[in-house]
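Undergrad: Below: one structure in C-alpha cells.
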Amino acid sequence: MTGETRRIILHLDMDSFYASVEMQKRPELAGNAVIIGADPKGGKGRGVVATCSYAAREFGVRSAMPISQAFALCPHAVYLAPDFPSYARASADVMTILRAPGFPFEQVSIDEAFLDITASGSYREAKDLALKLKGKIRKGLGLTGSIGIGPSKIVAKIASDFEKPDGLTIVLPENIDGFLAPLPVRKIPGIGKKSETELLGLGIRTIGDLARTDIQLLLARFGKGGIGLHGLAHGIDGSEVVERGSPRSVSRETTFEEDTEDPRVLMATMEGLVHDVHRNLIDEGLRFRTVTVKVRYTGFVTKTRAQSVSHHTDDIRIISSTAFSLLGDLAGERKIRLLGLRLSGFESRDSRQKTLEV
C-alpha cells in the first residue's frame, strides 16, 4: 500500500456558489435559472457570465460565456450583477465550519477546500464527518456543497464533482482505478481543451486509457509532465493538505474551461480573484506590499509580473488597480489557460489602526 492510500482526504466544492448565495438571500429565486454576470442588455451586452444556477446550465449556459450568448440560450433567466462582498462573507462562514473539527485544512478558492481527515481513522468515520459538515452548511447557511473523499487530493477533488449538486462520493483505495478509468481525461484538474485535444490525438479518451498508455509515449509528447499525468491517472498525488499559519503569500488561480484571449473573460475572472484574495487578506489580519499576476498560456508557458506598492495596505482598490495593470502587460501574447493572483510582503495589521473601508 502506497503513502497515498494510507491517507483520507476530503474535498468540498460548493454548488453553483455565487448563484446559490443569491438564492439564499432571495428565496423566491429558488429553482429558477439565475445568471450572475454583466447586464445582458436584451442580448446586446458585452460582458460575460461569472456563474449560473444548475437550472440555467440545463439550457447550455456556462461560466465565462459571453452574456449575449447566455441571453440567446436563456432569455427568461434572472440576471444579477455579482455581489462579491456577499460571496466572500458566505465563503468565510463555510470555511469556519470546515475548520471547526480541527483537521489540517487548505482553502484553494472561494468555494473549495481540502481537509486531511486521516486522523478520523476510517472511511466510515469520514463519511459521518462529511454528512455532519454538509448538514451544518445547509442548516446554518442555507447552502449546499458536494464532497469527495479519497486517498489523495486528486481523487477527492474528482470525486466531489461526481454527483453534483449536494453529492457525497467516497472512493476507497482499492476502488481508485475502477472509479477513475471510465471518466473522460478532461476530468483531471489541469487538463484543458488543448491538452485534451492532444490526448485524443493519441487515442486517449478516458482516464483509464491514460493509465494504460506507455509512459515513454507520454514523455515524448509532454516531457516530464507526462510522468505526472500518468500518476494522476492512477490517482497518485502526494501533495499535502497545507494548513496556513502566518502565510508568506495569499493566492488564488483559475483554470479556464477553454483557453481564452477575450479581455472581457480575463477582466471578469481577475475581478473575482481580487475579491477572493482580499477577503483572505482581511481574514488573516494582514497588509501586503507586493501584487503578482500569473498567467499560463496555451502550451503551458507560464509568466508572472509583480509590483510592490509604496506602503503596506489592505485596500482592495490598490489590489485591483495593480492587478489589472499587470494583467495588461501579460495579456495579448497568446491565449491564456490559467490566471492567478498573489499577494505577499506581509505585515500584521496594527489593532490600533482601522482597516480602510471601500
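Undergrad: Within segment 69-163, which GluC sites (Glu not before Pro) sit in a loop by DSSP and count at most 15 neighbouring Cβ atoms inside 10 Å?
TA: Taking segment 69-163 and a limit of 15 other Cβ atoms within 10 Å, the loop GluC sites (Glu not before Pro) found are Glu163.
Undergrad: While we're looking at this one, here's another question. From the C-alpha gyration tensor of segment 179-233, pull out the three semi-axes of the equivalent ellipsoid (sqrt of 5λ each), sorted largest to smallest, in whole Å.
TA: Over the Cα atoms of segment 179-233, the semi-axes work out to 15, 12, 10 Å.
Undergrad: Using DSSP to call loops (not H, G, I, E or B), can you name the GluC sites (Glu not before Pro) in segment 1-96 whose Cβ has at most 14 other Cβ atoms within 10 angstrom?
TA: Here the sparse-neighbourhood loop sites are Glu58.
Undergrad: If I build a Gaussian network model for the chain, linking alpha-carbon pairs within less than 10 angstrom, which residue out of Gly43, Gly223, Gly145 has the largest mean-square fluctuation?
TA: Its mean-square fluctuation being the largest, the pick is Gly223.
Undergrad: Compute the signed sum of charges (Lys and Arg +1, Asp and Glu -1) over the other residues within less than 15 Å, Cβ to Cβ, of Val309.
TA: Computed value for this residue: +2.
Undergrad: Treating only the Cβ of Lys, Arg, Asp and Glu as charged (+1, +1, -1, -1), what charge dipole size does the chain show about its Cα centre? Round to the nearest 20 debye.
TA: 380
Undergrad: Limiting things to C-alpha atoms, what are the Rg and the maximum Cα-Cα separation (Dmax) for segment 18-82, in angstroms?
TA: When restricted to the Cα atoms of segment 18-82, Rg and Dmax are 10.3, 29 Å.
Undergrad: Out of all DSSP beta bridges in the chain, what portion is antiparallel? Express it as a percent rounded to 5.
TA: Around 90 percent antiparallel, to the nearest 5.
Undergrad: Would you mind checking segment 198-230 for residues with the amide N under 13 Å from a putative spin-label position 7 Å along Cα→C-beta of Asp161?
TA: Hits in segment 198-230 for Asp161 at 13 Å: 207.
Undergrad: Taking the simple approach of a point 7 Å from Cα along Cα-to-Cβ for both Leu131 and Gln24, what is their distance in nm?
TA: That separation, rounded to one decimal, is 2.3 nm.
Undergrad: How are the C-alpha pair distances of segment 107-224 spread across 5 Å bins, as whole percents from the shortest bin up?
TA: Spelled out bin by bin, segment 107-224 gives 2, 10, 17, 21, 16, 13, 9, 6, 3, 1, 0 percent.
Undergrad: Here is a follow-up. If I take all pairs of Cα atoms in segment 49-150, what percentage of them are more than 19 Å from each other?
TA: That tail contains 54 percent of the Cα-Cα pairs.
Undergrad: Based solely on C-alpha atoms, express the radius of gyration and the Dmax of segment 190-332 in angstrom.
TA: Values for segment 190-332 (Cα only, Rg and Dmax): 18.5, 54 Å.
Undergrad: Order these by the 10 Å Cβ neighbour count, fewest first: Val309, Val293, Val301.
TA: Val301, Val309, Val293
Undergrad: So, one more: Tell me which of Pro189, Leu210, Leu229 sits at the most positive position along the dipole axis of segment 179-233, charges placed on C-beta atoms (Lys, Arg +1; Asp, Glu -1).
TA: Toward the positive end, the furthest listed residue is Pro189.
Undergrad: Let me ask you something else. Among Val48, Val78, Val21, determine the one that fluctuates most according to a GNM of the chain built with springs between C-alpha atoms less than 10 Å apart.
TA: Result for the chain, Cα springs under 10 Å: Val78 fluctuates most.
Undergrad: Multiply the residue separation of Ser122 and Leu219 by 0.36 nm, subtract the distance between their alpha-carbon atoms, and state the gained length in nm to one decimal.
TA: Going from the current span to full extension adds 31.2 nm.
Undergrad: What's the extension gain from Met267 to Thr255 if we count 0.36 nm per residue and subtract their Cα-Cα distance?
TA: 2.9 nm
Undergrad: If you add up the charges near Glu261, with Lys and Arg at +1 and Asp and Glu at -1, over every other residue whose beta carbon is less than 10 angstrom from its beta carbon, what do you get?
TA: Net charge around Glu261: -1.
Undergrad: Would you please name the trypsin sites (Lys or Arg not before Pro) within segment 183-275 that are DSSP coil residues with at most 11 other C-beta atoms within 10 Å of their C-beta?
TA: When the trypsin sites (Lys or Arg not before Pro) of segment 183-275 are filtered for loop state and at most 11 Cβ neighbours within 10 Å, Lys224, Arg248 remain.
Undergrad: Taking the chain as the region of interest, what is the percent of Cα-Cα pairs per 20 angstrom bin, listed from the shortest bin to the one with the maximum distance?
TA: Reading upward from the zero bin: 27, 61, 12, 0.
Undergrad: Over the alpha carbons of segment 249-348, what is the largest minus smallest coordinate on each principal axis, giving the biggest first in Å?
TA: Principal extents (Cα only, largest first): 39, 22, 21 Å.
Readers should treat all values here as calculations from the given coordinates under stated rules, not as data from a laboratory. Fair warning: this is a prediction, and the values are worked out from it, not measured in the lab. With ideal geometry, Cβ positions are generated from the backbone for all residues, glycine too; neighbour counts draw on all protein chains shown.
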